[in-house]
Amino acid sequence: GAGVSQSPSNKVTEKGKDVELRCDPISGHTALYWYRQSLGQGLEFLIYFQGNSAPDKSGLPSDRFSAERTGGSVSTLTIQRTQQEDSAVYLCASSPVGTGGISDTQYFGPGTRLTVL
Amino acid sequence: TQLLEQSPQFLSIQEGENLTVYCNSSSVFSSLQWYRQEPGEGPVLLVTVVTGGEVKKLKRLTFQFGDARKDSSLHITAAQPGDTGLYLCAGALGAGNNRKLIWGLGTSLAVNP
């Protein structure tokens with residue numbers, strides 16, 4: 001079946017512009033995660049959606065970052081007034097459970113590579 | 001503060017050699033996962049270990065969870081060029097809706113033919 005998809009695969013923008021990154025999770029997965037991966041920095045948790053619960057936004061680095069998940073499916077990560085330090089690969093993952101089950105598996109998309117000039 | 005330390009950070013070996021990478025923490029995890037990430041792709045789950053002392057094997061890969069559930073190792077026997085990639089460990093802290101995965105920075109492995 002279809003995996004997690006993300007678009008665009010690459011995005012080059014100018015400093016100060018807003019960008020929107022899209023994630024289509026695996027159908028039926030209730031949990032959705034956004035991560036940021038910079039060279040040498042590993043995976044940095046950004047935000048977590050689980051069903052109809054309030055999202056866990058504890059990883060968002062500033063108020064320029066926001067995310068929505070409409071209808072419990074597609075998610076959009078928005079970065080306003082982009083800065084050069086926002087350049088990274090933004091990864092989305094979905095999980096069928098996301099409620100703390102110890103066998104939880106996150107299925108990742110290929111990521112969006114964001115470059116802020 | 002990095003709660004999960006992976007070592008080595010980089011490893012370059014010849015085909016056929018054995019290697020071990022480590023994932024260490026002072027925290028106790030309810031479970032720990034190993035992922036492999038290839039360039040331009042997202043991480044893919046290799047294994048989940050749950051019980052202290054647990055050993056799991058996946059073909060030439062052997063995963064061990066420490067007795068105290070604070071550390072883990074991944075051993076690869078007779079490495080192949082196809083094993084090249086970034087190996088990430090992720091430990092689960094908390095439970096229920098408070099559960100979070102803590103990620104290591106990864107070990108970048110290059111297996112040369």
Exercise. On the given criteria, is B:Val44 farther than 25 Å from A:Gly109 by Cβ and aliphatic (A, V, I, L, M)?
Worked result: no
For this session: Would you mention how many residues in segment A:32-55 are facing chain B (nearest Cβ under 7 Å) and open to solvent by less than 20 Å² (accessible area, probe 1.4 Å)?
Result: 2
Exercise. Quick one: how many residues across segment A:25-48 are farther than 20 Å from A:Ala88 by Cβ and free of Cβ contacts under 8 Å to residues at least 60 places away in the same chain?
Worked result: 1
Problem set entry | Residues located in segment B:20-57, provided they are out of contact with any strand residue (DSSP E or B) (no Cβ under 6 Å at 6 or more places or on another chain), open to solvent by 60 Å² or more (accessible area, probe 1.4 Å) and more than 12 Å from chain A (Cβ to nearest Cβ) | B:Ser26, B:Val28, B:Lys57
Exercise. When you scan segment A:1-78 for strands (runs of 3 or more DSSP E) that lie fully inside it, which ones turn up with 2 or more residues that are among the charged types (D, E, K, R)?
Worked result: A:19-24, A:65-69
Seminar exercise, completed: With criteria (1) of a type in the set (S, T, N, Q); (2) farther than 30 Å from A:Arg113 by Cα; (3) modelled with pLDDT of 95 or more, B:Asn24 comes up short on (2)
For this session: Would you be able to say whether some residue in segment B:59-66 is more than 14 Å from every other protein chain (Cβ to nearest Cβ), in a loop (DSSP other than H, G, I, E, B), open to solvent by 50 Å² or more (accessible area, probe 1.4 Å) and under 30 Å from A:Leu114 (Cβ atoms)?
Result: no
Exercise. Taking A:Ile79, is it touching a strand residue (DSSP E or B) at 6+ places or on another chain (Cβ under 9 Å), within 29 Å of A:Glu14 (Cβ to Cβ) and within 14 Å of chain B (Cβ to nearest Cβ)?
Worked result: no
Problem set entry | Test: B:Gly94 is surrounded by fewer than 18 Cβ atoms within 10 Å (Cβ to Cβ), away from chain A (no Cβ under 14 Å), more than 13 Å from the chain's Cα centre (by Cα) and not acidic (Asp, Glu) | no
Exercise. Within segment A:38-67, which residues are over 20 Å from A:Gly3 (Cα atoms), out of contact with any Lys or Arg (no Cβ under 9 Å at 6 or more places or on another chain) and not aliphatic (A, V, I, L, M)?
Worked result: A:Ser38, A:Gly40, A:Gln41, A:Gly42, A:Asn52, A:Ser53, A:Lys57, A:Ser62, A:Asp63
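The values are calculated or read from the model by the stated rules, or taken from the named source; none is laboratory data. Every value quoted in this text rests on a predicted model; they were computed, and no experiment measured them. A quick note on method: Cβ atoms are made from the backbone with ideal geometry, for glycine too, and the neighbour counts reach across all protein chains shown. Just so you know, the surface numbers come from the protein's heavy atoms only, side chains and all, with ligands and any DNA or RNA stripped out. Shrake-Rupley method; radii C 1.70, N 1.55, O 1.52, S 1.80 Å.
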